[in-house]
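One structure is given here, and the rest of the page talks about it.
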Amino acid sequence: MHGERPHRRAWRCRSRRDLETGAAKMPGCTREVIYNTAPMPKITFLGAARTVTGSKYLVEAEGKKLLVDCGLFEGSKELKQRNWDKLPIDPASIDWVLLTHAHIDHTGYLPRLVRDGFRGPIYSNAATHELCALLLPDSAHLQEEDAQYAARKGYSAHKPPLPLYTVAEAKAALDRFRVIARAQPFAISSQFSVLPHDAGHILGSSWLELTITENGKQTLVVFSGDVGRYDQPILKDPESPTRADFLLCESTYGDRDHPTGSVEDELAEIVNRTAKRGGSVVIPAFAVGRTQMLMYYLRKLEEKQRIPHLPVYVDSPMAINVTGLYMSHHEDHDAEFNALENTGSHDPLNCHEVHMTRTVEESKEINDVTSPCIIISASGMITGGRIKHHLAHRLPDSRSTVLLVGYQAEGSGGRALLDGAKYLRIHHEQIPVRAEIVEIGQLSAHAGRSELLRWLSGIKEKPRQTFLVHGEPPAQESLRAAIVEQYRWPVTIPDYLQSIDLGT
Ligand SMILES: [Zn+2]
């Protein structure tokens, strides 16, 4: 109860520099401590602080706790260890979870949260729920495989090695989902109400306007989630926020823009030149979003007769299911995609000759295809999955092409190929790289730097504070400088586990 909560001390940064830039906890910052006696809402950054994964923001008001997003940390060993550390807050004390979108770095901790005692509802729209119903059990399956691998290799902190969570625990988390409308206000409680808006990032993705009421006073906090791209096919463009007292803005590409240039032209050229050589195009692609975008472009090029009707193998059971969801959620489609669908002349996410392979046997049979074809398979960074055996077969063939279409992290197979590796280690074998390696960088699902600044441009009145989250420090510093220069807003880059009062 709010009346029973002891009044606490709160400080605010008062140095001149901090007032100008909003920088909190900067070295050398001189703080004037203010003793604040009024209870006020508070936010704690439990993830995606100075890194791009683990999104989790705890918002508290009148003694109630709402967790916005519940993502898994991914990447370095140190980051992944955080998934195993005890959450700094007892999951049983959290009242509700609210999701921006289905990506694992925003939802992948849910099974662990439920396993460790969370018993409230998890709110998301229908598309996000349906995507999570595919992604969370898949994530659990990978966790179980990791544990089995550790058991075989004899290394693990746990004896016997345990998965972070099991498929059964993922299913228990799915039971707690409650679907809310795509873009209508929803009252979670007397303290919290939310209005979701289109974020244009993946199917179902939203940014959230959260109104917090404490002591009769309202505070509006905007959570960007992940912001998508403008003028991309299939999904609507991101809507811009128009007001915010406090704003959490992602900053994944805060320091750079995506390449410009026509995806259609580049893709047509790559397919034609490879087919002419008698080779095949192998595309490692994320199952959610990128695969659907590739299918859209390939079909469009076929319709325009700019590429031949090659057999296209979509070798990812997950991607096949996700494509079904992309087709069925009309509320996410932009006007162009709706128009394409309404003509009914063709299926815009399927090529003329498409083969969906679900079983491992079907997947292996693709190796027997000797005439030119296109193979799309996961994982997108060549860190695992069926793409590996396709590459083992096709990389030594100088007629073929490997097309990289997404971000390739340091240490991944995709990055090695981009860096000109002569061999790639796949399934304990050194595979010679003779195929052509090309990249199309325009297919990112994240807003680039100028697009983030464009997304922010709808806000006319300076927010009291803008928090940059979901980015690496160089990208965040660069975006902070751009926001301060362009809009003169105070901008803070919060630390992991930092709590900040959202008071006056
Ligand atoms: Zn995302």
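Each reported figure results from applying straightforward, stated rules to the coordinates on display, with no laboratory input. Fair warning: this is a prediction, and the values are worked out from it, not measured in the lab. Don't worry about glycine lacking a Cβ; one is built from the backbone with ideal geometry, like all the others, and counts go over all protein chains shown.
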Checklist line | Calculated [θ] (222 nm, deg cm²/dmol) that DSSP helices of n ≥ 4 give over the chain, each run adding -39,500 (n - 2.57) | finding: -9000 deg cm²/dmol
Note to self: Set the bar at 26 Å for Cα to Cα. Now go through Lys171/Lys364; Lys80/Lys364; Lys86/Lys388; Lys86/Lys171 and name every pair that lies beyond it.
What the structure shows: Lys171/Lys364; Lys80/Lys364; Lys86/Lys388
Notebook entry, point to check: Each label point is 7 Å from the Cα along the Cα-to-Cβ direction; what then is the distance between the points at Lys77 and Gln430, in nm?
Noted result: 2.5
Next item on the list: Order these peptides, 165-175, 428-438, by their mean beta-carbon neighbour count within 10 angstrom, highest first.
Entry: 165-175, 428-438
Next item on the list: Can you tell me the FRET efficiency between Glu353 and Glu331 if r is taken as the Cβ-Cβ distance and R0 is 45 Å, rounded to the nearest 0.05?
Entry: 0.90
Item checked: Where labels lie 7 Å past Cα in the beta-carbon direction, separation of Lys276 and Gln305 in nm -> 1.9
Notebook entry, point to check: For the peptides 360-368, 44-52, what is the packing order when you average, over each peptide's residues, the other Cβ atoms within 10 Å and list the highest mean first?
Noted result: 44-52, 360-368
Next item on the list: Could you line up Val484, Val288 from fewest to most neighbouring Cβ atoms inside 10 Å?
Entry: Val484, Val288
Checklist line | Cα centre as origin, Lys/Arg/Asp/Glu Cβ charges: the chain dipole, Debye | finding: 1460
Check: Ranked highest first by the average count of other Cβ atoms within 10 Å around their residues, in what order do 248-256, 132-140, 393-401 fall?
Finding: 248-256, 132-140, 393-401
Checklist line | Förster radius 56 Å - calculated FRET efficiency between Lys159 and Asn338, Cβ distance, rounded to 0.05 | finding: 0.50
Note to self: Rounded to the nearest 20 debye, what is the charge dipole size of the range 64-162 about its Cα centre when +1 sits on each Lys and Arg Cβ and -1 on each Asp and Glu Cβ?
What the structure shows: 380
Check: Given labels modelled 7 Å from the Cα in the Cβ direction, how far is it in nm from Ala92 to Leu418?
Finding: 4.6
Margin query: I need Phe186, Phe118 ordered by Cβ neighbour count within 10 Å, fewest first.
Written below: Phe186, Phe118
